[in-house]
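Structure first, then comments.
The values are calculated or read from the model by the stated rules, or taken from the named source; none is laboratory data. Computed from a predicted structure; not experimentally measured. Heads up, the Cβs are rebuilt from the backbone with ideal geometry, glycines too, and the neighbour counts pull from every protein chain shown. SASA here: full protein model, heavy atoms, side chains in, ligands and nucleic acids out. Shrake-Rupley method; radii C 1.70, N 1.55, O 1.52, S 1.80 Å.
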Amino acid sequence: MIDTVTSEDGTPIALERRGAGPPVVVVAGAANDRHGDEPLVAELTAEYSVVTYDRRGRGDSGNNEPYAVEREIEDLAAVVASLGEPVIVHGISSGGALAFLAAAAGVPMARLSVFEPPYRGEAEEVPEGYADEMRDLVAADRWDDAVALFMTSAVGSPAEAVAEAKATPMWAELRSFAPTLVHDARVMGDSKVPGGLESITAPVLVVNSNGSTDWLKAAALAVTKAIPGARQVELDGEFHSVPSERLVPELSAFYRDPR
């Protein structure tokens, strides 16, 4: 069922609800809309009512300016409030970072799971001025360059991988998300684990893949230590990815845990 909720600043936020059971809101990461995690959603709907939504500027949602991370927190708050019952939230990559900020800001969550929030340590910093450069490239309609900057500076892909991606049909879809890469850059800030996460009271599970880079593994551990009582688990997978048939049983066990 596709619906629309109105965020605090009047921005319409499109959401879709599938399945039956306790509600799980999925917060997408960079270069994704509400359709970007279909295998995960399909697995979760066997037991849960899964709500996916288009973050502002994506898909069927609006994009009132000026952008601020606080507006995205309000968007998630509006989605959660529209469900009218205790809500589980699952955030993916930078969507997980947004979910952490929302939980710290007081958005009510029964439980919060996050997959590989892309925080970085001192040795793997995103280049200084990355967010501003991304903003300037998008403003100049240099969307291809913006996506290339995201892939090299934020994801850590080599230049040859960017060249290969440009030759695939996937590139056009990536390019369409270029304006919202600015949003994700703002959500991540300096890409360090932010302060204030110690105020999160919901039970938290942080998941990472054993096939990811060392800095993503370190990020999972760092954010787990920053949140009182948070748990962390590493699953078999590839770079920034774990098959849904492995991930969902771990999530379900956490969601059902009475502690």
Discussion item. Could you tell me the ratio Rg/Rh of segment 153-259? Both radii from Cα atoms, Rh via Kirkwood.
Written reply: 1.02
Fill in: the chain - accessible surface per residue (Å², probe 1.4 Å)
43
Discussion item. At 7 Å along Cα-to-Cβ for each site, give me the label-to-label distance between residue 164 and residue 210 in nm.
Written reply: 2.4
Practice prompt. With N set to the residue count of segment 1-86, report its C-alpha Rg divided by 2.2 N^0.38 Å to two decimal places.
Written response: 1.04
Practice prompt. List the residues whose amide H sits under 5 Å from the amide H of residue 92, counting only those 5 or more places along or on another chain, with H placed 1.01 Å from N in the peptide plane.
Written response: 27, 29, 115
Worksheet, complete the sentence: Calc'd 3J(HN,Hα), segment 208-214, phi into Karplus 6.51 cos²θ - 1.76 cosθ + 1.60 (θ = phi - 60°), Hz, glycine/Pro = x, comes to 9, 9, 6, x, 7, 5, 4
Discussion item. As a test of the formula, what do you get for the chain when each DSSP H run with n ≥ 4 contributes -39,500 (n - 2.57) and the sum is divided by the residue count, at 222 nm and rounded to the nearest 500 deg cm²/dmol?
Written reply: -11500 deg cm²/dmol
Worksheet item: Distance from the Cα centre of segment 55-92 to that of segment 221-242, in angstrom?
Response: 24
Practice prompt. With the full set of protein chains in place, find how many percent of the accessible area of the chain is carbon and sulfur; take the probe as 1.4 Å.
Written response: 52
Worksheet, complete the sentence: Karplus-derived 3J(HN,Hα) from phi for segment 86-96 (6.51 cos²θ - 1.76 cosθ + 1.60, θ = phi - 60°), whole Hz, x at Gly and Pro, runs x, 10, 8, 10, 10, x, 10, 6, 5, x, x
Worksheet entry | Relative pair counts by distance (%), Cα atoms of the chain, 5 Å bins | 1, 6, 14, 18, 20, 19, 13, 7, 2, 0, 0
Worksheet item: Considering amide H positions built from the backbone, and no H for Pro or chain starts, which residues 5 or more places from residue 63, or on another chain, come under 5 Å of its amide H?
Response: 57
